[in-house]
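Peer 1: What follows is a single structure, and I will ask about it in a moment.
The values are calculated or read from the model by the stated rules, or taken from the named source; none is laboratory data. Just so you know, these numbers come straight off a predicted model, no measurement behind them. As a convention, Cβ positions derive from the backbone with ideal geometry for all residues, glycine included, and neighbour counts pool all protein chains shown.
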Amino acid sequence: IQAVGVVRRDPLSGDVEARQSSLAFKYHGFVGMNEFDLLAAEHYDETVLGVGGSVALGGAVWRGDLTWTDADTKGATLSAVTSISYSWIWRGRNVNGALEYYHNGFGQTGGDYAPNSLQANPDLLARLSRGEVFSLGRNYVAGTATIEITPLFLLTPTVFINLADPSALAQISARYDWKENLVVLGALNLPIGPSGSEFGGIESPVQGLYLSTGPSLFGQLAWYF
């Protein structure tokens, strides 16, 4: 059993308040070779209940989590994520792949991300501002595979797809263990989709102006000592 409590102040008054704080309990258990979790929490004055687990399916592993939230505005809201992962050998190289489906119960329906539509969804905006969710839509699928090009060089292509737009974010990341204490990391991110979609660029209050991250490139040299 695990428990965590976080005390926060009201951002306006500066006073410590229960409705700004969090208290959660989680139980982790086993059924044979399989694992499960049970969650009960009070988070920002909202009740959250959750269940999750993992099951071995042949050589694969299936995982899933389901949460129920008594949200301030929407009331009872379900969110879920499920994935299946599998490892195999391809052309003499080790590969670890995964497929995932994510349902954000607080997300926008029908791919409508206009400013007035987002303002009408305060539960989503609150979670975005707190860093609890990172997506605007409701339903997503994702696929990824880590390919061991050499024992020191790993290449990981990933794609995230919004099923309502449709739009996507493609990413290729790499890790190279250059020296015993030097690691090179890199990633290329490519948003894909038309204007008005989540990854292609959502509408802004300015007519004809869309907000998008655009392509990006990341590089890092890590030195361990």
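Peer 1: When the range 107-151 is examined, which residues are found to be hydrophobic (A, V, I, L, M, F, W, C), part of a loop (DSSP other than H, G, I, E, B), under 22 Å from GLY75 (Cα atoms) and in contact (Cβ under 8 Å) with a residue 60 or more places away in the chain?
Peer 2: Correct list: LEU136 only.
Peer 1: Confirm whether ALA98 is at pLDDT below 95, among the aliphatic types (A, V, I, L, M) and out of contact with any Leu (no Cβ under 8 Å at 6 or more places or on another chain).
Peer 2: It is false that ALA98 is at pLDDT below 95, among the aliphatic types (A, V, I, L, M) and out of contact with any Leu (no Cβ under 8 Å at 6 or more places or on another chain).
Peer 1: Quickly run through the range 90-124 and pick out the residues that are under 30 Å from ILE149 (Cα atoms) and either of a type in the set (Ser, Thr, Tyr) or surrounded by fewer than 14 Cβ atoms within 10 Å (Cβ to Cβ) (or both).
Peer 2: Passing the criteria: TRP90, ARG91, GLY92, ARG93, TYR101, TYR102.
Peer 1: Further question: Any idea how many residues of the range 1-24 are over 25 Å from the mean Cα position of the chain (by Cα) and part of a strand (DSSP E or B)?
Peer 2: 2
Peer 1: In the range 199-218, what residues are touching a residue at least 12 places away in the same chain (Cβ under 8 Å), of a type in the set (Gly, Ala, Ser) and loosely packed, with under 10 Cβ neighbours inside 10 Å?
Peer 2: Matches in the range 199-218: GLY214 only.
Peer 1: Next up: Here is a list: ALA56, ALA80. Which entry is assigned to a strand (DSSP E or B), out of contact with any helix residue (DSSP H, G or I) (no Cβ under 8 Å at 6 or more places or on another chain) and loosely packed, with under 13 Cβ neighbours inside 10 Å?
Peer 2: Answer to the check: ALA56.
Peer 1: Now for a separate question. Kindly indicate whether any position in the range 16-32 is among the β-branched types (Val, Ile, Thr) and under 30 Å from SER167 (Cα atoms).
Peer 2: No - not one qualifying residue is present in the range 16-32.
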